[in-house]
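The values are calculated or read from the model by the stated rules, or taken from the named source; none is laboratory data. Here the structure is a predicted model, which means the values were calculated and not measured. Because the Cβ atoms are built from the backbone with ideal geometry, glycine has one as well, and the counts that use them run over all protein chains shown.
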Amino acid sequence: MNVLRSILESSRVGLLLTACLGIGGLDAQLLAGDDRDPLIPDQIVLQLAPDRSLDSVLATLAPFAPGLEAVEQVPGRPIHLLRFDVEGDEPSPELEQALQQLVVAGVLVWGEFGYEAQTGEGRTDSLWVTGLSLGPADYRGQFAGELLGLDAAHGMARGAGVVVAIVDSGLDATHPVIDAPISAAAIDLVDGGVAITDPADGVDNDGDGLVDEMAGHGTFVASLVHLVAPEATLLPIRILDTEGRTSVYLMVKGIAAAIDAGADIINMSVGTTYDSVAIEYLVDEAEAAGIVLIASIGNLDREEPKEHPAADGGAYGVVATDPLDHRAAFSNFGDFAALAAPGTIAFGGKGELDPISSVLGAVPGGGVGGWSGTSFSTAFVAGAAALVRGQHPEWPDAETPAGDLADEVMDRLRASAVPIDANNPGYEELLGAGRLDVAAAVALGPPVLDPADFDGDGVVGGADLAFLLSHWGSCAGCPADLDGDAFVGGSDLAGLLAAWTN
């Protein structure tokens, strides 16, 4: 097997001067060897208090921020991005103090300086690998499918009617293994336009010697969500550049776009070590709207610093494990983790990718490859959440209001998880409730019947065909009219045959 890309597990270390500003003000710390995400020194992200003027904020801050201007606003929300000219690596103390005073005075709900964010795989330069012989059959038959019980789960639920936002690097919707419905609300927040691509620009934008190392990341993530929830609608929202980098502001904008587009699940295989008030605010908004936000916990084998939004209260962080339910050596961990799921690859004696023991997904060029990281563990959990959510189309209701919906979904995933603490001495209670078991989680809820299962026996077969044929012709409002055109005909028959299970 010809290895086309290699895995580089080297973390960038050094001295980073970071600053954080929330309601309590800015606290600059010199961090040695921490690999924390750096400050973006010319950005401010803020939320105006009700009935407050942005012009007054700009007037207050302008004396300490040359060239200050409002650049963007998150649609439908009083959240603004400001930019200014800055000398050196950080804003002036006077600007920090002025921003804090606006919060204390009630002019701003919160305000903070911009910070970078990135995928766990981009943070450690972990790249996808593949071989010439890998194809769709390997993807569909990968070990994670059996380990998670996908065949059994799909007998009860397939995710139809559920929208999963993939807030990532975009999506190659033409890839042969991704035959999922794609939301018309897809959007590219990096370059603008509809996010139906996962682009590569051929430039080493971050100067690390690798070109477009995270191109295809969103496609790989989406393919794993699709593997678990094959009938869920995918909503790609691009916030990552081709190197896997983004900002706190784009993360906020991405979550907001997912909320506004009606997402039921948000997959965020991206994080920042900065404990952002802005991100937490949008995470809370998503939770209140009944949206389940699943996030990668990080790939640097550490508990601190935590990555966000995985560590935020309204989100659910995911740990990576191997086929034997051991914590992946690279995976972060912590008492805030919700679940663990497969996220590793393996190599044979000749250094070639071992597809039998690897997580496999869609890679650029229409191929299939392996990739390791908590990003991909997160995708498995997001897909499982879509299946559980699809089992309960009645939610939210009086018994399960919107604010409780995310916990209801995740409680089912956690209650059915396989305990793994005994396999991981020293990490007890730091890997979440256990390793995801999709079949067991789906078994806790009612089966979702296929619309073509007219007799409700759990299979689409001869009796259902007979029912459809008996209603052939004009038939407004009858169950046999699968496509809703008030006529039972060829397209309805094709839909039944596509769902045939007997």
Has the range 198-215 got at least one residue that is surrounded by 19 or more Cβ atoms within 10 Å (Cβ to Cβ), touching a strand residue (DSSP E or B) at 6+ places or on another chain (Cβ under 6 Å) and touching a residue at least 12 places away in the same chain (Cβ under 8 Å)?
-> no
Scan the range 262-271 and give yes if some residue there is in contact with a strand residue (DSSP E or B) (Cβ under 7 Å, 6 or more places away or on another chain) and surrounded by fewer than 23 Cβ atoms within 10 Å (Cβ to Cβ), otherwise no.
-> yes
What residue, of A499, A480, A494, is under 21 Å from R158 (Cα atoms) and touching a helix residue (DSSP H, G or I) at 6+ places or on another chain (Cβ under 6 Å)?
-> A480
First in the range 330-342 and assigned by TED's automatic domain parsing to the domain that holds L127, second anywhere and in a loop (DSSP other than H, G, I, E, B) and aromatic (F, W, Y), Cβ under 8 Å, 6 or more apart | F333/Y427
Under 6 Å between Cβ atoms, at least 6 apart or on separate chains: pull out the pairs that start in the range 223-235 with a residue that is farther than 17 Å from D172 by Cβ and end on any residue that is modelled with pLDDT under 95 and of a type in the set (A, V, I, L, M).
-> E231/A160
Counting only residues that are more than 21 Å from A385 (Cα to Cα), give me the helices (runs of 4 or more DSSP H) lying completely in the range 122-181 with at least 2 of them.
-> 136-140
Does any residue in the range 462-484 that is in the same structural domain as A498 (by TED's automatic domain parsing) come within less than 7 Å, Cβ to Cβ, of a residue that is among the polar types (S, T, N, Q) six or more places away or on a different chain, and which pairs are these?
-> G462/N502; D483/S491
Considering each residue of the range 484-502, count those that are β-branched (V, I, T) and part of a loop (DSSP other than H, G, I, E, B), and give that number.
-> 1
Per the list (1) within 17 Å of P342 (Cα to Cα); (2) hydrophobic (A, V, I, L, M, F, W, C); (3) part of a loop (DSSP other than H, G, I, E, B), residue check on A440 breaks on (3)
Given (1) assigned to a loop (DSSP other than H, G, I, E, B); (2) out of contact with any Gly (no Cβ under 8 Å at 6 or more places or on another chain), index of the condition A452 fails | (2)
For the range 65-102, the count of residues that are more than 30 Å from A258 (Cα to Cα), outside any helix (DSSP H, G or I) and in contact (Cβ under 8 Å) with a residue 40 or more places away in the chain equals 6
Scanning for something touching a residue at least 12 places away in the same chain (Cβ under 8 Å) and closer than 30 Å to G348 by Cα, does the range 177-185 turn up at least one residue?
-> yes
Out of all the residues in the range 403-424, is one or more under 30 Å from A117 (Cβ atoms), among the small types (G, A, S) and free of Cβ contacts under 8 Å to residues at least 12 places away in the same chain?
-> no
Take the range 443-477 and flag every residue that is among the aliphatic types (A, V, I, L, M) and within 19 Å of G159 (Cα to Cα).
-> A443, L444, V448, L449, A452, V459, V460
Report yes if some residue within the range 372-385 is crowded, with 22+ Cβ neighbours inside 10 Å, assigned by TED's automatic domain parsing to the domain that holds D322 and part of a loop (DSSP other than H, G, I, E, B); otherwise report no.
-> yes
Pull up the range 152-191, narrow it to residues that are of a type in the set (D, E, K, R) and either crowded, with 23+ Cβ neighbours inside 10 Å or not assigned by TED's automatic domain parsing to the domain that holds P364 (or both), then point me to the one that is nearest to A257 (Cα to Cα).
-> D168
Determine which single condition A258 fails, assuming it passes every other condition in (1) on the phi > 0 side of the Ramachandran plot; (2) buried (at least 24 other Cβ atoms within 10 Å of the Cβ).
-> (1)
Any chance the range 340-352 includes a residue that's more than 24 Å from M214 (Cβ to Cβ) and at pLDDT 95 or above?
-> no
